[in-house]
Amino acid sequence: QVQLVESGGGLVQAGGSLRLSCAASGRTSSSYNMGWFRQAPEKEREFVALIGRSVNTRYADSVKGRFTISRDNTKNTVFLQMNDLKPEDTAIYYCAASIWWETRTDQYNYWGQGTQVTVSS
């Protein structure tokens, strides 16, 4: 079992930056592939970024070049650095843990409660 808690969301103007954190407790997050997902109002939850146990990464096309996922296994924390934010990035952002290298939400067993990111134009 692993518990996940996101933080770092907020309101930012377009072009600004935010850094999200996901703190894990329970079983160490280094045992899992860690993903960030987001869900905008009236939309499906979608994949944003993924970091593997060997620190390989994968990104959704919509965030490539703007977002960077990283992890600090000594602190059991995963980060999502978001630069050049756009209004369409507005959503609740969730981190999740999976034993699989997957972008599908149904492959993730553990989820945080989410943190709101709002980008104003």
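Against the compact-protein benchmark of 2.2 N^0.38 Å, the Cα-based radius of gyration of region 59-112 scales to 1.24. Starting from a Cα-only point model with no solvent, please compute log10 I(q)/I(0) by Debye for the chain at q = 0.13, 0.22 1/Å. So the normalised log intensities work out to -0.44, -1.27.
Between the exposed loop cleavage positions of the chain, defined as trypsin sites (Lys or Arg not before Pro) in a non-H, G, I, E, B DSSP state with at most 13 neighbouring beta-carbon atoms within 10 angstrom, the longest gap is 1-42. Within region 33-117, the GluC sites (Glu not before Pro) that combine a DSSP coil assignment with at most 14 other C-beta atoms in a 10 angstrom radius are Glu42, Glu44. Excluding Arg58 itself, calculate the net charge of residues whose Cβ lies under 12 Å from the Cβ of Arg58, where each Lys or Arg counts +1 and each Asp or Glu counts -1. Summing Lys and Arg as +1 and Asp and Glu as -1 gives -1. Neighbours of Gly15 by Cβ distance under 9 Å: Lys/Arg scored +1, Asp/Glu scored -1, total 0.
Every read-out reported here was derived from the displayed coordinates using simple, explicitly stated rules and does not represent laboratory data. Just so we're clear, the structure is a prediction, and the values are computed from it rather than from any experiment. Here the Cβ is made from the backbone with ideal geometry for all residues, glycine too, and neighbour counts use every protein chain on show.
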